[in-house]
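Take a look at the structure set out below.
The numbers here are math on the coordinates, done by the rules we state, and not lab data. None of these values were measured; they are calculated from a predicted model. Glycine also receives a Cβ, built like all others from the backbone with ideal geometry; neighbour counts cover every protein chain displayed.
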Amino acid sequence: MLQPSAATPRPSPKKLATLVCSTYSDAEICFFNSFKHMKKALLVLSLGVMMVTVSACTGGKKKTEYTPEKAVETQAPAAENTAPAVAEKPAEKPVEEEVVKQPTIKMARASHILIGYQGATMAKPDLPYTDQAAAKAKAEEILAELQAAPAAELVGMFAEKAKEFSTGPSAVRGGDLGVFPAGRMVKPFDEAVFATDAETLVPELVETPFGYHIIYVAGFQEVKR
């Protein structure tokens, strides 16, 4: 009866490799090496095919992270109104008459009482006031009386005093000089009249080469040139 042989010891990897090399020829070893490289190549090729397939499914686009800003950007644009635009006709403004402002000139109406004296410009030789001092004193007296008169009686009293005492040619008209623009009268007289802006009795005597003037300004008006 045969006795079982003792267990054969398992060779080490290094010894196994030596045994394989000694058992197989060089051609057979090259075949095995080629087979190992082919398996790697097939694995790489399979991975490449899978990547191409995934890329084709996703359209080659990268995944975009969703954010509120992206949501606004990717919203579909509102449908445009394709109807032709009708131009609105501007509302017609009411025709207004063009007002052309014509130039005007300021005119004054005034009266005066002239107390001239002998030797004054255009004075008559038979004037009762022989010198300048006497003429001035009489003019101050008349002005004081007019200033003391009631407002309602001033115009009438002025005209009476002018007819009685004025030595100028306007005495017969109660001293009325009519309407005149600035620059028409002698300078001191003109300045005294246009320095006022309303009906008034000029509070001071106005001296000119013609004598002493007591002036009453009746008012002003604008007249077209």
_Between region 106-161 and region 183-205, the alpha-carbon center distance in angstrom_ = 14 Å
_If each residue of separation counts as 0.36 nm, what is the full-extension length gain between Lys187 and Gln221 once their alpha-carbon separation is subtracted?_
10.2 nm
*asked:* Test of understanding: express the Cα radius of gyration of region 180-225 as a ratio to 2.2 N^0.38 Å, with N the residue count.
replied: 1.16
*Please arrange Leu146, Leu114 by counting, for each residue, the other beta carbons lying within 10 Å of its beta carbon, fewest first.*
Leu146, Leu114
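How much FRET efficiency would the formula 1/(1 + (r/R0)^6) give for Val172 and Ile105, where r is the Cβ-Cβ distance and R0 is 30 Å, rounded to 0.05?
Working: r = 28 Å, r/R0 = 0.93.
Calculated transfer efficiency: 0.60.
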*Ordered by residue, what ³J(HN,Hα) values in Hz, to whole numbers, does region 134-151 give under the Karplus form 6.51 cos²θ - 1.76 cosθ + 1.60, where θ = phi - 60° and Gly and Pro are x?*
5, 5, 5, 4, 5, 5, 5, 5, 5, 4, 4, 5, 5, 5, 8, 6, x, 4
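Need the full-extension length gain, Ala148 to Glu160, defined as separation in residues times 0.36 nm minus the C-alpha distance. One decimal, nm. Show your work: numbers first, answer last.
Values: separation 12, 0.36 × 12 = 4.32 nm, distance 1.51 nm.
The Ala148-Glu160 span can extend by a further 2.8 nm.
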*Work through the residues other than Leu177 whose Cβ is under 10 Å from its Cβ and net out their charges, Lys, Arg +1 and Asp, Glu -1.*
+2
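Based on a Kirkwood Rh over C-alpha pairs, give the Stokes-Einstein translational diffusion coefficient of region 104-224 at 20 °C and viscosity 1.002 mPa s in µm²/s.
Details: Rh = 14.5 Å.
Using the Kirkwood radius from Cα pairs, D works out to 148 µm²/s.
Most exposed first by the Cβ proxy, i.e. fewest other Cβ within 10 Å, how do Asp126, Asp190 rank? If you can, show how the numbers build up before the last one.
Numbers: Asp126 6, Asp190 18.
So the residues, fewest neighbours to most, are Asp126, Asp190.
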